[in-house]
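Below is one structure, written out as structure tokens; the observations come after it.
Each value in this text was obtained by applying a stated rule to the coordinates, not by laboratory testing. Only a predicted model underlies this, so the values are computations on that prediction, with no experimental measurement involved. Virtual Cβ from ideal backbone geometry, glycine too; neighbours counted across all protein chains shown.
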Amino acid sequence: MAKVHPLPIVEVAEYVTSKRESFTIWMKSLVMQGNGCTVFNENGEIVYRIDNYDNRGSNEVYLMDLRGRVLFTILRKVWLFGGWKGYRGDNGDKLNKERPRFQVSKKGQITLLSSSSNAEASCYKLEAGKSAFKIVDCSRGDVVAEARRKQSSNSGVLLGDDVLTLVVEPQVDHSFIMALVTVYGLMRHRL
């Protein structure tokens, strides 16, 4: 009889690597009635899912790892200027509405909020085009992640506009970048 071994628990440190990583983003949900996208690593394995289980443009969207553990909950701010706030975890973890991890304005200005109240917030900019985007560190001007339409490796043919290649630079939290991919999908009304 075959033995079943549980998969090792993924720690947050594994979301940050010392090398440049490439992901494929398919702007389709694996859940039949869901609206979201699926993220694959360089080996073709699913590493993240983004779903809202509601209708497109939902006010609450979830970024999950392969096991379905919610890493971020993205909530739409419905007041005058709009935008989105990102919280670690989900409602089961009793979201702390006072302490979002980041917020994004409709114009793509990203503020990464520190977990301690006296630390300085980081600033990023989401520069989005029709089927591509990049995330720039405001303080250094460096691109920390960039996505564009995926090309087939053999013939160089562009795939559909719902398939993107995302390159994330070293020492950047992948789960944070994927949460921003969620916001990009919301901005483009794809989720």
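Of note:
- Using a Förster distance of 41 Å, the FRET efficiency for Cys138-Leu158 (Cβ separation, nearest 0.05): 0.85
- Computed from backbone phi with θ = phi - 60° and the Karplus coefficients 6.51, -1.76 and 1.60, the 3J(HN,Hα) list for the range 137-142 is 6, 4, 6, 9, x, 7 Hz; x is used for glycine and proline.
- For the pair Ser18 and Glu60, label points projected 7 Å from Cα toward Cβ lie 4.1 nm apart.
- Built amide H within the under 5 Å cut-off of Cys123, gap 5+: Leu112, Cys138, Ser139
- Treating r as the C-beta distance of Ser122 and Asn41 and R0 as 35 Å, the FRET efficiency rounds to 0.85.
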